[in-house]
Every structure is written in C-alpha cells, then in structure tokens.
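Computed from the coordinates by the stated procedures, all read-outs in this text should not be read as laboratory data. Keep in mind that what you see is a predicted model, and the values were worked out from it rather than measured. Cβ placement follows ideal geometry from the backbone for every residue including glycine, while neighbour counts extend to all protein chains displayed.
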Amino acid sequence: MSFYIVQFLTGLASAASLFLVASGLSVIFGVSRVVNFAHGSLYMLGAYLAYTLVTHLGGGALGFWGGIVGAAIAVGIIGAVIETLLLRRLYKSPELFQLVGTFGVVLVVQDLALAIWGPDDLLGPRAPGLDGAVSILGHRLPEYDLLLIVLGPAVLLVLWLLLNRTRWGILVRAATEDPEMAGALGVNRKWLLTGVFFVGALLAGLGGALQLPREPANLLMDLNIIAEVFVVVVIGGMGSLGGAFLAAVLIGELQAFGILIFPEITLVLIFLVMAIVLVIRPWGLLGKPETPPPMARAVGRPFRPLKPGWRIAGYAAFALLGAVPLAMGGYAAQVASEVVIFALFAASLHFIMGIGGMISFGHAAYLGFGAYGAALLVHYLGADMLAALVAAPVLAALAAAVFGWFCVRLSGVYLAMLTLAFAQISWSIAFQWYDFTGGDNGILGIWPAAWASGPRVFYLLTLVVGLAGGWVLRRAVFAPFGYALRASRDSFTRAEALGIDVKRLQWQAFILAGAAAGLAGGLYAFLKGSVFPTVMAIPVSVDGLVMVLIGGVQTLLGPIVGAIGFEWLKISIASETNFWRIILGAVIIGTVLAFPQGIVGFAKERYGRREK
C-alpha cells in the first residue's frame, strides 16, 4: 500500500511540472487564440538558461533559486519579443499561419541552443536543502517532488487571482470576450497580448528551469514536452486553467500507474485518453464549445478551372519536371522522387484543409499507413511492387475512414488535436509492436521491382503515379462533391438547411485525402527501401502543414509549390551545414510574414491572375 501512495505522490509531482508549462499555453490560447507550437522551445530555453545562471552564480540557495527565477524572467522577455516581432503581425492572418510561424521559431531555437550550449546533455545541480528524500511508510520520495506538489496548486491560485482580482486581469478578460468594445473604451489590446505572452512564456521557462534537478537540459526537451502539453490543454479545455490543472493531474497519475498496469501501451496511453475525452466531450473537461470553426474564416475564395493558356503552361511544366531530373543524374532523380511524393502528400492535406475546412495535425498517420501497408505486404507476403502500391491507398483509406468518423464530429482546434491523437496512437503502435512492425528497427529491404530499380525509371513511375493522384483530387474539387464540400466549409448552417449531409461529406473527404496520402506513403517506402515509425511522427505532419501554408491554402497549386520549395530547401541546406534548421526556420518565418496568403496567393494578387 505504501508503494502506491509514493507512486501517487510521484504522479502529483509530475502533474505539477506539466501544469506549469501547460498553464502558460492555456493562458496564451485563452486570450489570443494562438496555438503556440514554440511553447516547448521556451520550456527548453528555461532549462538551458537556468543551467547557465545557476552554474555562474555559484552554489547555495541564493545562487540556485536566483538562477531559476532569472531564467524564467528571461524566457518571459523572449516570449514577449516573439509576440511583438512575429505574432503581432499575424493576428489578422489565418490561424494556422501563427502555428507555422511558431514552428519556424522552434527550428531557430533548436539550432541556437545547439550553437550556444552544444549537443551534450547538461546536468544541473540539485536544489540546496532539497537534495534528500523523505521516508513514507518505508518508501523514499525526493524532497524536491514535495516542493513541486505544493508549487502546482500555488501557481494555479496566483494565476486565478491575477486574472480575476487585478485590474490587468479584468482588462485581459474584457479584451478577450469583446475586443471591439474594449478598444472603444481605450484598452490597448496589443500591449495586453504582449503581457499575456510574457506571463505564458515565463511559466514555460519556470517549468523548464524547475525541471533541471530532475533531468538534464537537452535538445530534445522541446518536442518531448509539447505533445504532452497539448494533450493536457485539450483534455482540460482550451483556455481553461482549472481544466488544465485537472488534466495535468489525470495525465500525471496515468503515467505513474500506467507503466505498472499497462506497460505495453505506455506511449499511447495519454493520447488514447485524449481521444476518448474528445469523443465524449468535444470541448474538453472544463472547456466551452468553440464557434465558429476557425478555418471557416481562413478560406472562402472560389477555386476556378485553369484557362486554356495556363493549362498548356501547366502541361509544359510537368513535361519539364519529367525531363530535367533525368538529365541531371541518379541522385537528382531520387531527390525529385521525394519532392513529388511530398507534393502529393501536401495536396492530400490541402484537400481536407483548403477544400473541406478541417485542420489536421496528424495527417502523417495516413502517409505512414500507406508506407507500412506496402512494406508489410512485401515483407510478409512477398507481394510485388505494383500490388503493394495498389494496397497502400486502400489501407490508408480504411484508417482514415475509422479516424475520420470520429474527427468530423468536432471542429477547429479540437478536431485538429483529435487527428493528432490518432496519429500518435498509430505511431505508438508502430513503435512498440516489434513482432509485427519491427518497432524502431523498422522494416528493411523494401526495394522497387527490377524493372523500376533504376532511380530515373522510379522517378518516372513516381511522377506518373503522383500526377494521377493529384488529378483525382483535382477532379473531386470541381465535381458536385467538391462544390458541396466547399459550401459546407463556408457556411455549415446554410449547407445543412439545403439538405447537404455535411458530416458525411467531410467523412468522405477524410477517406479520399487519406487514400492519396497512403499512395504517397507506398511510393515513399519503395524510394527509401525501408519504413520506420518516424514516418508517422509529429514533425512529418507539421512539415505537411508548412508546405500547404507557405504555398497558399487558398490555391490548388499552392501545396505543390510549397512542397517543392520546402523539400528542395531542406535537402539543399542540410547537405551544406549542420545548422540547417536555423536557416530553414528563418525562411519559414520570413515567408509567413511577407506572404501571409502563401507564395502562390501572393503571386496571384501581385500579377492579377486567377490561377484556378
């Protein structure tokens, strides 16, 4: 019994650490409606800055706690700078551009941390006076964990008082609930938002700094924490501090006891809980229904078929795509094959985002189902390449049918987070099912058929298959199905009043997009000759979002242009320097600031052309 009590307290300590970071994200979203993907980077900076300050200030309680507080304040200032220089310029852009912009910040911060602190883990000192353990019924519990258990509720109380019992908090709530009226009364909403970002970033930095005695500062802290933080905030209800605290306790205890009761599904457990909560209560435990869906404001311009002149130019461009890599050699053909594959992947994501108005943070799941479907058929059944390529989109479509049936019942950020939950569940299964998927060892030896083994021939095959998949998606856009889907996107209520079954249409769009992504995944498996769980990971889904948004979500050509530009930039920079992330991140940030409507959208407005 005593063991379970200690385990429960350990779960509370982990919950407190998680809540410190999640509360910052919840405060930021509750006021600005920004999903800050860089929140994990602020957490990581808190740990690194705390290490630097603590080691330079020397030992003793003053040096240690002074370093912790100083790191938190420094990260708060960094957060305010990010809001002022980047996000303030994106508030009037589609909400997803804010996500992509903060993802650019993630890349920049990763390489800055690498350049400043190096690749090695940095183990900080223990907290003075709290470096021992207390005995609870014969079992030891670190004294530092007791401090965290007390600190979590204390931070919740301070935040509640700040937002409900101070003039600043009253102004923040007024600007959140009715920004126009607040502005008419003279409230400077810009500086209020900057203050909110300072508070949210300070909490993230404090969470990272306080983690220093428990784990070393390392370059993986940002991505390791951000998924858990998103889970906590979504389960609790976006913008609800009480919900975030309740969800943090739930997740902390699940992690503490889940490893004892369900060791086989440890990685998937928290995402499974999030999926269950969102299916039962779509706006979280203590959240409020979100209306209207964010993407409904982000898209709306009608898509038009190409005029004959532009159609001929498109055919010429595709002919050039087929000829140039063949003349440049085998490596160029391999790179071109990867670009075509991700162009198809980005086009499939654009179909549910730009046409269907549904945000997906987990579209890599269907790329992975296609890749694993093809690889498993070859590995276990000895299927040939063409049969595997036919099966890949079918298996991905089946997965999309199951996941999409639940997802389309939600909207906005909650729909996006449910797609993320299903993607992480899929990734966890692939990662842990060693007997079937090979786990993190992957599935090897998935090579093209003999007739397509040359890089140039495989590129031509990839180009033909990719164009066929893109053509099907394009045909769907201009079919009655596509027009009805866009009508549902632009006005859910009117579409239903006209007799359109909106949820069924959205579900069908999920299936079609999943099939196209699965086809890209099948090609990807044969291109690489292997499949690993990373094909389903969060960074791949984010890459797809970046491709769509920098190309232009309001254009059909945008995701293709975005994929070509993003993949070319990523491959070319990575081959030249170890600090490729900072360059790529800067390019992403510059793009979303200079072209908030995307590169293709900017070109259309600049030259007055109607693309499609």
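Numbers at a glance
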{"quantity": "Dimensionless Rg over Rh [the stretch 174-288; C-alpha; Kirkwood]", "calculated": "1.07"}
{"quantity": "Positive minus negative residues near residue 577 (Lys, Arg vs Asp, Glu; Cβ under 13 Å)", "calculated": "0"}
{"quantity": "Order of 92, 604, 190 under a 10 Å beta carbon neighbour criterion, fewest first", "calculated": "92, 190, 604"}
{"quantity": "Packing-based exposure ordering (other Cβ within 10 Å, fewest first) of 202, 123, 418, 527", "calculated": "123, 527, 202, 418"}
{"quantity": "Ranked 414, 48, criterion: other C-beta atoms within 10 Å, fewest first", "calculated": "414, 48"}
{"quantity": "Nearest-0.05 FRET efficiency for residue 571 and residue 8, computed from C-beta distance (R0 56 Å)", "calculated": "0.70"}
{"quantity": "Alpha-carbon centroids, the stretch 75-140 and the stretch 1-59: separation in whole Å", "calculated": "9 Å"}
{"quantity": "Potential extension, residue 215-residue 449 segment - 0.36 nm per residue separation minus Cα distance", "calculated": "79.5 nm"}
{"quantity": "Nearest-ten-degree value, helix 2-32 long axis tilted from longest Cα axis of the chain", "calculated": "60 degrees"}
{"quantity": "Within straight-line cross-link reach of residue 528, aspartates and glutamates at Cα separation under 17 Å, skipping those fewer than 8 residues along the same chain", "calculated": "338, 384, 440, 567"}
{"quantity": "Nearby aspartates and glutamates by direct alpha-carbon distance to residue 288 (threshold 17 angstrom, same-chain neighbours under 8 apart not counted)", "calculated": "177, 178"}
{"quantity": "Computed helical MRE - 222 nm, the chain, DSSP H runs ≥ 4 contributing -39500 (n - 2.57), nearest 500", "calculated": "-24500 deg cm²/dmol"}
{"quantity": "Full-extension gain in nm, residue 81 to residue 384, via 0.36 nm per residue minus C-alpha separation", "calculated": "103.6 nm"}
{"quantity": "Acute angle (nearest 10 degrees) that the helix 385-407 long axis makes with the longest principal axis of the chain, alpha-carbon atoms", "calculated": "50 degrees"}
{"quantity": "Between 0 and 90°, nearest 10: helix 558-574 axis offset from the chain longest Cα axis", "calculated": "70 degrees"}
{"quantity": "Cβ charges +1 (Lys, Arg) and -1 (Asp, Glu), total dipole of the chain, debye", "calculated": "2300 debye"}
{"quantity": "For the chain, the fraction of alpha-carbon pairs in successive 20 Å shells from zero, as %", "calculated": "19, 53, 25, 3, 0"}
{"quantity": "Net charge, residue 540 excluded, C-beta distance under 14 Å - Lys, Arg +1, Asp, Glu -1", "calculated": "-1"}
{"quantity": "Inter-label distance, nm, simple model (7 Å from Cα along the C-beta direction), residue 134/residue 496", "calculated": "5.3 nm"}
